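Q: Below are the structure tokens for one structure; questions will follow.
What follows draws every value from the coordinates through simple rules; no lab data is involved. None of these values were measured; they are calculated from a predicted model. Neighbour counts run over all protein chains shown; Cβ positions are idealised from the backbone, glycine included.
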Amino acid sequence: MESNFKVVVLSLFVAFMLTIMPLPDWVVEFRPDWVTLVLIYWAMALPARVGVTMAWLAGLMLDVSHGAILGQHALGLMLVIYIVHLQHQRLRVASLIQQAIVIFFLLLLKQLIVLWVSGIVGHAPVTWLYFMPTITGAMLWPWIYIILRDIRRKFGDRVNY
Amino acid sequence: MQTLFLQGPSATLRMTIFVIISLALMTIDHRWQHLDAVRNTLSYLLYPVEYVVDLPIRLYYWGEETLSTQQDLLDENRQLRDLQLQTRVQLQKLDILEKENDRLRRLLSATPKTTEDHLIAEIIAVDVDPYRHFIVLNKGSNDDAYKGQPIIDAHGVMGQIVYVNAMTSTAMLISDVSHAIPVQIDRTGLRSVAFGTGQTDYLDLRHIPHNADIRVGDKLISSGLGERFPRNYPVAIITKINRDTGETFIDVRAEPLAQLDTSREVLLVWTQNHEKPTPELEQPAEEPGKETVEKDAEESVVKDAVEKAVEESDKEVVKEPVEEPETAVIMEPANSGE
């Protein structure tokens, strides 16, 4: 197995851990969407390795861990990664701040898709705090980007595909 | 080496396919709930993550146990012994009462009340969706847990299992917005349904008419209608009644008795409809091997249940017509798939 793939899987494992890690009640609603953030980075950095398929599968696992109906997070995550996949070259050259703004809208899209599905099924959350992860996620983006980039440079393959 | 042209279908095509599959999955999952196998398989992948996340907490408890001083342990031991003695004495009495109750019921050729099987499960310390009230338990289909199985803690009904995997299961708490449990006021026998509100501190009682005999402080017990929850387990206590004459029904709130957000151990209950298949290994009252701390919790639950049963049956035998006119909507405990 190539080391890029291992790094991706490991980082996703950590992202899932952060997603289900118990937090005190007052921060729970601010928890960023780690899995989406990490996948966005990899879809940008390694578009040939990490794409729609992986995003969809990761989304399914999110559904299972959230006890949501199957396909809810998968759909949102997959569409976000699809957009990143199409625009990865533009995103790569953007500054961190510009990236963060784009990421904000991508995360918002995912939250909205998940919210719509919840609404159709009949238990949409009724608080604006629901959109907090979008903001915290976008704010954390520069750090996530830098950390994952350093990890990729240190442990990934020389050829960045 | 990287080839110049990537193989496989284009991202757009794959995206379209996945959108269609997602929509199909969601429809199937929502309408027919036939995707347990898929969920089960994926949960195997998720299990290591849950295990690793729960590990520090487990280590903490382990450390607490190993590092506590002998004096602490002795103190605790003595306390527990005292407690056990007390509960045992009470149980003796209840045992006799239960037998008597059974006999009387048989005399009246009423359906005998059988006791339920229990198994202790631990809540795995993982957070899921902050807007849903789900907990993950460390018992799954390997321990014969089943979908729709009620779970209780030492104080009352907590919820029911909604997804069963091999080693873990996900349970929905009674406070979840899509949960409802059929209840009965133990003082009057008035039946109702307690709906979850998304808040852990209160449930909603709907469709209660203005003239209903209901007071703040009344205890709600599970009525057993809907045949998912066993009868006579305490559920909640009424905390607020708002009689707005403009409304058709009064607005009643009840606080769940179970410690929904602090319990670490819960009990899985096997009801009469779902007998535990294996011969009984877990005899709650008199098994020496079990951890003592959990034991008194278990006992008090059993005791509570038996107590309730006795009271209830007495009531039924002696003054049956006291029951309120039937106003409550009788419905299934919850649409568990959601």
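Q: Around B:TYR233, which amide H atoms from residues at least 5 apart in sequence, or from another chain, sit under 5 Å from its own amide H, with H modelled in the peptide plane?
A: B:SER222
Q: Under the rule a/c < 1.5 gives rounded, and otherwise a/b versus b/c splits prolate from oblate, where does the range B:56-145 land using the Cα gyration tensor?
A: oblate
Q: Please average, across the residues of A:15-21, the number of beta carbons from any other chain that are within 10 Å of each residue's own beta carbon, and give a whole number.
A: Average neighbour count from other chains, rounded to a whole number: 6.
Q: If you rank A:LEU77, B:LEU74, B:LEU83 by fewest surrounding Cβ atoms within 10 Å, what's the result?
A: B:LEU74, B:LEU83, A:LEU77
Q: For peptide B:45-53, compute the average count of partner chain beta-carbon atoms within 10 Å of each residue's beta-carbon.
A: What the average comes to for B:45-53 is 5.
Q: Shifting gears a bit: Which of B:GLN199, B:ILE214, B:PRO150 sits farthest toward the positive end of the charge dipole of the range B:95-223, with +1 on the Cβ of Lys and Arg and -1 on the Cβ of Asp and Glu?
A: B:ILE214
Q: While we're on this one: Apply the Karplus parameterisation 6.51 cos²θ - 1.76 cosθ + 1.60, with θ equal to phi minus 60°, to every residue of the range B:120-128 and state each ³J(HN,Hα) to the nearest whole Hz, in sequence, with x for glycine and proline.
A: 7, 10, 9, 7, 6, 6, 10, 8, 10
Q: A further question on this structure: Please report the net charge: other residues with Cβ closer than 15 Å to the Cβ of A:GLY59, K and R +1, D and E -1.
A: Neighbour charge sum, excluding A:GLY59 itself: -1.
Q: Around B:TYR163, which amide H atoms from residues at least 5 apart in sequence, or from another chain, sit under 5 Å from its own amide H, with H modelled in the peptide plane?
A: Those qualifying (amide H under 5 Å, at least 5 residues apart or on another chain) are B:THR170.
Q: Give me a comma-separated list of calculated 3J(HN,Hα) values for the range A:30-36, in order, Karplus coefficients 6.51, -1.76, 1.60 applied at θ = phi - 60°, integers in Hz, x for any Gly or Pro.
A: Values, residue by residue: 9, 4, x, 7, 4, 4, 5 Hz.
Q: To continue, here is another question. In the structure shown, do any of A:LYS6/A:LYS110; B:LYS93/B:LYS219; B:LYS99/B:LYS219 have a Cα-Cα gap over 31 Å, and if so which?
A: none
Q: Follow-up question, since we're still on this one. Calculate one ³J(HN,Hα) per residue across the range A:50-65 by plugging θ = phi - 60° into the Karplus curve 6.51 cos²θ - 1.76 cosθ + 1.60, and present them in order as whole Hz with x for glycine and proline.
A: Karplus-based 3J(HN,Hα) across the range A:50-65 equals 10, x, 4, 5, 5, 4, 5, 5, 4, x, 4, 5, 4, 4, 5, 5 Hz.
Q: Continuing with the same structure: Hey, can you grab everything whose amide H is under 5 Å from the amide H of B:ALA258? Only 5+ residues off in sequence or another chain; H modelled, so Pro and N-termini drop out.
A: Those lying under 5 Å, H to H, from B:ALA258 are B:GLY156, B:VAL157.
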